[in-house]
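The values are calculated or read from the model by the stated rules, or taken from the named source; none is laboratory data. As the structure is a computational prediction, the values presented were derived from the model and not from experiment. Because the Cβ atoms are built from the backbone with ideal geometry, glycine has one as well, and the counts that use them run over all protein chains shown. What goes into the accessible areas is simple: the full protein's heavy atoms, side chains included, and nothing from ligands, DNA or RNA. Shrake-Rupley method; radii C 1.70, N 1.55, O 1.52, S 1.80 Å.
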Amino acid sequence: MEKASSVCPLCRSEGLHHISPNLVYCRHCRIVVNEEHEEFTYSSEYFCSEYKTQYGKTYAEDFDAIYEASRKRLNTILSFLPAEKKGKGLSLIDVGSALGFFLKCASDHGIETLSGVEISEYGCNYSRSEFGIETVQTSFDDFQTEEKFDIVTAWYFIEHCSFPHKAIEKMFSMLRSGGILAAAMPSLSGPMYTFHRNRWIETHPGDHKIDFSPVSITRLLKNIGFKKVLIRPAGFHPERIVSEKSIFFHPFSFLYKWFVKAFRFSDTMEIFAVK
Ligand SMILES: [Zn+2]
């Protein structure tokens, strides 16, 4: 299976190893690169029938769960800001804002200046009409602004970019000094990649370019110039290792929770980085 080839888009080193015909692993960067990455078009189907096939409800119907996750993320973001900054004319831009649920949550929590960047026409129209939030319909590559923000967010967006490191550099440039980048993305340091590698490969989305681990994304963020980085697990799934029917499930689950927190062992991770 393993054969040396390819050049790493981050460190430019050669001798990466194929874990599948299109996925290569860089040992130096601890990343997986999708060499056949393609950018999808995100029509209303992406948020409706395709989302429903995967999650059992449409994105719009999933509002409560997404809003609750947004509330927790926002509280963490605000905890990084100095007390005098909180609730005083903060500005926030959400990149890949989808239907605007995180922006709606930020608005409800008193953040005054809000905007979104979203490539999907359906997503833009939804956040404008339902929540009255300014959303620019464009790709992030083509998005241009001279503004500086207190907070830039990107929930499950960076992994879709053809050049994730360039996207993060652009987000860094959009932040004021002391500003926060908050993001969520898949992680290699989780049960799927570690214990179910074949299934991870088979279900790897074609529109994901680079998969990071907590170590590799922290190193990239620090190299770009972020002063402080916090990574935390975004999911807790003991059933991906021990069956829920097993008599060992409950004791395992108890210990696993500690392990997940201590080692950030999760298929998805949340990132909070201070400029
Ligand atoms: Zn590399």
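Each row is one residue, and each column tells you yes or no for (1) open to solvent by 50 Å² or more (accessible area, probe 1.4 Å); (2) hydroxyl-bearing (S, T, Y); (3) touching an Asp or Glu at 6+ places or on another chain (Cβ under 7 Å).
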site: E35; (1), (2), (3): yes, no, no
site: K52; (1), (2), (3): yes, no, no
site: Y55; (1), (2), (3): yes, yes, yes
site: A65; (1), (2), (3): yes, no, no
site: S70; (1), (2), (3): no, yes, no
site: G89; (1), (2), (3): no, no, yes
site: I111; (1), (2), (3): no, no, no
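Kindly evaluate I111 against the criterion of being assigned to a loop (DSSP other than H, G, I, E, B), farther than 30 Å from V33 by Cβ, of a type outside the set (G, A, S) and in contact with a helix residue (DSSP H, G or I) (Cβ under 6 Å, 6 or more places away or on another chain). Please lay out each step first, then the result.
Numbers: assigned to a loop (DSSP other than H, G, I, E, B): yes; farther than 30 Å from V33 by Cβ: yes; of a type outside the set (G, A, S): yes; in contact with a helix residue (DSSP H, G or I) (Cβ under 6 Å, 6 or more places away or on another chain): no.
No, not satisfied.
Taking the criterion of being under 19 Å from G100 (Cα atoms) and away from the ligand (no atom under 11 Å from the Cβ), would at least one residue in segment 11-28 satisfy it?
So in segment 11-28, the residues under 19 Å from G100 (Cα atoms) come out as none.
So far as segment 11-28 goes, no, none of its residues is under 19 Å from G100 (Cα atoms) and away from the ligand (no atom under 11 Å from the Cβ).
Are any residues in segment 123-150 buried (at least 20 other Cβ atoms within 10 Å of the Cβ) and either touching a His at 6+ places or on another chain (Cβ under 7 Å) or in a helix (DSSP H, G or I) (or both), and if so, which ones?
G123, C124, Y126, S127, listed by residue number.
Taking the options F272, F252, name whichever one is free of Cβ contacts under 8 Å to residues at least 40 places away in the same chain, farther than 19 Å from C26 by Cα and either surrounded by 18 or more Cβ atoms within 10 Å (Cβ to Cβ) or not charged (D, E, K, R) (or both).
Working: F272 fails: free of Cβ contacts under 8 Å to residues at least 40 places away in the same chain.
Answer to the selection: F252.
Pick from V7, V32: which is within 16 Å of the ligand (Cβ to nearest atom) and touching a residue at least 40 places away in the same chain (Cβ under 8 Å)?
On the way: V7 fails: touching a residue at least 40 places away in the same chain (Cβ under 8 Å).
Of the residues listed, the single one that is within 16 Å of the ligand (Cβ to nearest atom) and touching a residue at least 40 places away in the same chain (Cβ under 8 Å) is V32.
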